[in-house]
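K.L.:
Input: one structure, supplied below.
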Amino acid sequence: MAVQSSAVNILNARDFRSNTLFRLMLRRILKQRSAILGGTILVFLILVAIFAEFLAPYDPEDSLIGKEDIKKRTGPCIHILGCPADQPQHLMGVDGNVRDVFSRVIFGTRVSLFVGFSTIGVAIIIGTFLGAISGYFGGWTDGIVMRVMDVLLAFPSLLLSIAIVNVLGRGLENALLAIAIVSIPTYARVVRASVLSTKETDYVSASRSLGASHFHILFQRILPNSITPLIVQGTLGIASAILSAAALSFIGLGAQPPTPEWGTMLGSERNQVFTAPHLVFFPGIAIMVTVLAFNLLGDGLRDALDPRLAQVNE
Amino acid sequence: MIQFTIRRLLMAIPVVFGILVVTFGLVRMIPGDPCRAMLGEKATQEVCDRFTKEHGLDKSIPVQFALYMGKILKGDFGNSIRFSRPVMIILVERLPMTLELGSLALILSIIVGIPAGIISAVKRNSIVDVVVMIGANMGVSMPVYWLGLMLAYVFALWLKGTPFWLPPSGRLTAGLTAVPFYTVWGWDLPVDSIRFHVAELISNLFLFNSIITQNWAVFKDALTHLILPSVALSTIPTAIIARMTRSSMLDVLRQDYIRTARAKGLMERWVILKHALRNAMLPIATIIGLELGILFGGAVLTETIFSLAGVGRMLFEAITARDFPIVQAFTVVIAVAYVLVNLLVDISYVFIDPRIRLD
């Protein structure tokens, strides 16, 4: 009975501890104006992505030829801003295939958020693994892994992504994979640095002397220290992943038409910039706002969670 | 310093070698037959066999790599598969465009980014600081190609007929030619000699060539053509430099020696520029060195938007067309440029902070 109650006490204490730590972190984050602004925009974008079907007035991939009396690349028509009521309303106009641009921009949020989270998710998993074994085991493992990372970092990332997509074949999935591969070195370095700084600490030595396995020491004792820099780096990484994916789609290597992806939308209509600027303007603004949200959030998180990084990188 | 430079150059060899291996491997992993990519799907087997043999593609990959390395060491980059011309000549034609674009963008980002960061740090939390930081955050979030298109729309279409009009594409207005300096000066250079290639490379730097030949009409025209692309390309580096300058300056302005300088009665401008900025320059110099990758990546997009025949666009086209020799040669040039610029940055540390001893 006594053993049981002390176990309950320990559990409660643990709950209490993580709760206060969480609250402390949250309080610090909420003090950062940029984090609040970025977070708010991000929540808005996530809601737009989730409820895209309800928000978009038209099917993003469906042409309106034969359904509405409207010419291709017609500019925005907003009734409350004076557009005649007998004309169909298109908040951002229609594109070269007579599709509603507003609906495509709305659905594009889904694609871009998916791109950001999935690429950086993959890059963090692989990067963490490589960085962890590199920092923990050192020696030739470290030498080989880090030299490969150096070579990857020496390439301009967009050019390397272009080359990888050409190897794998055009398309959004392969573009995502290419961006993930190119992003790996950043996370490998972050984790390696963190592992190197903690592996000689007393509590790790204590764990080792108790006979804990390498796996246990690495994943239970050392890696939790890397979570903060990974969250910060990951948030900023999502911003650049979205930019890179849009760039690849812009030059025709990423998402293929008719997928409503902002970079593809920009790329396929870029020659119309002088005659139908709305086709270029709106997708670009959408990319910028999304990337800005992650950048602001990342900056705010860094200032809140990692004051040392903030001093170096701000 | 010389010892340090030599050591750094030696240390760069494995990285450049790694880049060569990765590039060589990657371009050969691109699925599809280079022959059919070049000559079309209807090329007969016989034609393709001859093509493959001509370009040495029938040999095993390790043999191809060894032959390739041997040639590179002799400065021979081979012939382009697509254009059937020496890669060296294509490089001489294309590199100057990107050099001019990249240098102008880098200069712009330094002369805008550093003062913006300084003002932002000195006037911390003021309206100027907020505006600069919002601008910097938007700058790093903006797609280069979108900004390029928007700039082209505003300056080439909206402002048409005003003195602010700027051309949206190309390097020179049709009808204008940049006469090479060696022709103006009456030099007789044997074609295909190294001197000729070097002279060609220099004369293809239109801005530089027009200055030394005092052809101001071409200089003005080439410069106006470069303004929009370089502004678009410089946005992200400018924003990054401004942010880095601000945080580095904020760090330095807190130091005791700044208080001492002020207590001595030095003029505030002197305190900021001489005492604070110089000490804040180290991280700024580092970040400027790292911008090169962004500039080269951005050059692919900027050159596409503004129809400029530079290295970035050529490399992108060559990757897509499986033109192995061009991809390899251009990547080597970019990698070497990257290594050299970062070496220069390291050397600049000594001038910025005399306490640093490179050896």
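K.L.:
Give the residues of the range B:308-327 that are over 16 Å from the mean Cα position of the chain (by Cα) and more than 11 Å from every other protein chain (Cβ to nearest Cβ), sorted by residue number.
P.N.:
Selection gives B:323, B:324, B:325, B:326.
K.L.:
Out of B:97, B:11, report the one residue that is under 25 Å from the mean Cα position of the chain (by Cα) and closer than 30 Å to residue B:235 by Cβ.
P.N.:
B:97
K.L.:
In this structure, is residue A:110 part of a helix (DSSP H, G or I), of a type in the set (Lys, Arg) and under 18 Å from the mean Cα position of the chain (by Cα)?
P.N.:
It is true that residue A:110 is part of a helix (DSSP H, G or I), of a type in the set (Lys, Arg) and under 18 Å from the mean Cα position of the chain (by Cα).
K.L.:
Going by the conditions given, is residue A:300 more than 9 Å from chain B (Cβ to nearest Cβ) and either free of Cβ contacts under 8 Å to residues at least 24 places away in the same chain or not aliphatic (A, V, I, L, M) (or both)?
P.N.:
In short, yes.
K.L.:
Which residues, taken from the range B:295-310, are buried (at least 22 other Cβ atoms within 10 Å of the Cβ) and in a helix (DSSP H, G or I)?
P.N.:
Listed by number, the residues that qualify are B:295, B:296, B:297, B:298, B:299, B:300, B:301, B:302, B:303, B:305.
K.L.:
While we're looking at this one, here's another question. Filter the range A:132-157 down to the residues that are under 19 Å from residue A:238 (Cα atoms) and either at pLDDT 95 or above or not in a helix (DSSP H, G or I) (or both) and list them by number.
P.N.:
A:156
K.L.:
Another one. Can residue B:40 be described as on the phi > 0 side of the Ramachandran plot, loosely packed, with under 15 Cβ neighbours inside 10 Å and within 14 Å of chain A (Cβ to nearest Cβ)?
P.N.:
no
K.L.:
From the list B:237, B:167, pick out the single residue that is within 14 Å of chain A (Cβ to nearest Cβ), touching a His at 6+ places or on another chain (Cβ under 8 Å), touching a residue at least 40 places away in the same chain (Cβ under 8 Å) and crowded, with 17+ Cβ neighbours inside 10 Å.
P.N.:
Of the residues listed, the single one that is within 14 Å of chain A (Cβ to nearest Cβ), touching a His at 6+ places or on another chain (Cβ under 8 Å), touching a residue at least 40 places away in the same chain (Cβ under 8 Å) and crowded, with 17+ Cβ neighbours inside 10 Å is B:167.
K.L.:
Taking the stated definitions as given, is residue B:182 surrounded by fewer than 22 Cβ atoms within 10 Å (Cβ to Cβ), hydroxyl-bearing (Ser, Thr, Tyr), farther than 30 Å from residue B:281 by Cβ and within 14 Å of chain A (Cβ to nearest Cβ)?
P.N.:
The answer is no for residue B:182.
K.L.:
Could you please give the count of residues in the range A:45-75 that are small (Gly, Ala, Ser) and part of a loop (DSSP other than H, G, I, E, B)?
P.N.:
Result for the range A:45-75: 4.
K.L.:
Is it the case that the range B:304-326 has a residue that's modelled with pLDDT of 85 or more and charged (D, E, K, R)?
P.N.:
Yes; the residues of the range B:304-326 include at least one that is modelled with pLDDT of 85 or more and charged (D, E, K, R).
K.L.:
Of all residues in the range B:311-332, which are surrounded by 24 or more Cβ atoms within 10 Å (Cβ to Cβ) and on the phi > 0 side of the Ramachandran plot?
P.N.:
none
K.L.:
Can you tell me which of B:148, B:175, B:161, B:186 is among the small types (Gly, Ala, Ser) and either in contact (Cβ under 8 Å) with a residue 12 or more places away in the chain or within 30 Å of residue A:242 (Cα to Cα) (or both)?
P.N.:
Of B:148, B:175, B:161, B:186, the one residue that is among the small types (Gly, Ala, Ser) and either in contact (Cβ under 8 Å) with a residue 12 or more places away in the chain or within 30 Å of residue A:242 (Cα to Cα) (or both) is B:148.
K.L.:
If we scan the range B:328-341, do we find a residue that is touching a helix residue (DSSP H, G or I) at 6+ places or on another chain (Cβ under 6 Å) and assigned to a loop (DSSP other than H, G, I, E, B)?
P.N.:
No, the range B:328-341 contains no residue that is touching a helix residue (DSSP H, G or I) at 6+ places or on another chain (Cβ under 6 Å) and assigned to a loop (DSSP other than H, G, I, E, B).
K.L.:
What are the pairs, 6+ residues apart or on separate chains, where a residue within the range A:135-156 that is within 29 Å of residue B:341 (Cα to Cα) and within 11 Å of chain B (Cβ to nearest Cβ) has its Cβ under 7 Å from a residue that is of a type in the set (Gly, Ala, Ser) and assigned to a helix (DSSP H, G or I)?
P.N.:
Pairs that qualify, where the first residue is within 29 Å of residue B:341 (Cα to Cα) and within 11 Å of chain B (Cβ to nearest Cβ) and the partner is of a type in the set (Gly, Ala, Ser) and assigned to a helix (DSSP H, G or I), are A:147/B:18; A:149/A:188; A:151/B:18; A:154/B:335; A:156/B:293; A:156/B:297.
K.L.:
Here's another thing I want to ask about it. If I ask for residues that are within 12 Å of another protein chain (Cβ to nearest Cβ), surrounded by fewer than 24 Cβ atoms within 10 Å (Cβ to Cβ) and either touching a Phe, Trp or Tyr at 6+ places or on another chain (Cβ under 8 Å) or part of a helix (DSSP H, G or I) (or both), which ones from the range A:165-184 would you list?
P.N.:
Scanning the range A:165-184 gives A:167, A:168, A:174, A:181.
K.L.:
Restricting attention to the range A:240-263, report how many residues are among the hydrophobic types (A, V, I, L, M, F, W, C) and either within 15 Å of residue A:280 (Cα to Cα) or surrounded by fewer than 24 Cβ atoms within 10 Å (Cβ to Cβ) (or both).
P.N.:
Number of matching residues: 5.
K.L.:
Residue B:13: within 14 Å of chain A (Cβ to nearest Cβ) and either outside any helix (DSSP H, G or I) or in contact with a Ser or Thr (Cβ under 8 Å, 6 or more places away or on another chain) (or both), yes or no?
P.N.:
So residue B:13 does not fit the description; no.
K.L.:
Give the range A:231-271 a look and list any residue that's part of a helix (DSSP H, G or I) and among the hydroxyl-bearing types (Ser, Thr, Tyr), or say none.
P.N.:
A:235, A:240, A:244, A:249, A:264, A:268
K.L.:
Kindly provide the set of residues from the range A:264-288 that are without any contact (Cβ under 8 Å) to a residue 60 or more places away in the chain and more than 9 Å from chain B (Cβ to nearest Cβ), ordered by number.
P.N.:
Answer for the range A:264-288, where residues must be without any contact (Cβ under 8 Å) to a residue 60 or more places away in the chain and more than 9 Å from chain B (Cβ to nearest Cβ): A:264, A:271.
K.L.:
Which of the residues spanning the range A:237-262 are within 12 Å of chain B (Cβ to nearest Cβ), aliphatic (A, V, I, L, M) and over 15 Å from the mean Cα position of the chain (by Cα)?
P.N.:
A:248, A:251, A:253
K.L.:
Go through (1) farther than 26 Å from residue A:293 by Cα; (2) within 22 Å of the chain's Cα centre (by Cα); (3) of a type in the set (Val, Ile, Thr) one by one and return the number of the condition residue A:94 breaks.
P.N.:
With respect to (1) farther than 26 Å from residue A:293 by Cα; (2) within 22 Å of the chain's Cα centre (by Cα); (3) of a type in the set (Val, Ile, Thr), residue A:94 is out only on (2).
K.L.:
Only one of (1) in contact with a Ser or Thr (Cβ under 8 Å, 6 or more places away or on another chain); (2) away from chain B (no Cβ under 14 Å); (3) within 30 Å of residue A:214 (Cβ to Cβ); (4) modelled with pLDDT under 95 fails for residue A:119. Which number is that?
P.N.:
(4)
K.L.:
If I ask for residues that are more than 10 Å from chain A (Cβ to nearest Cβ) and either of a type outside the set (S, T, N, Q) or without any contact (Cβ under 8 Å) to a residue 24 or more places away in the chain (or both), which ones from the range B:279-306 would you list?
P.N.:
B:280, B:281, B:282, B:284, B:285, B:288, B:289, B:291, B:303, B:306 - these are the residues of the range B:279-306 that are more than 10 Å from chain A (Cβ to nearest Cβ) and either of a type outside the set (S, T, N, Q) or without any contact (Cβ under 8 Å) to a residue 24 or more places away in the chain (or both).
The values are calculated or read from the model by the stated rules, or taken from the named source; none is laboratory data. It should be emphasised that the depicted structure is a prediction, and the values quoted were computed from it without experimental measurement. Cβ: placed from backbone, ideal geometry, glycine included. Neighbour counts: every protein chain shown.
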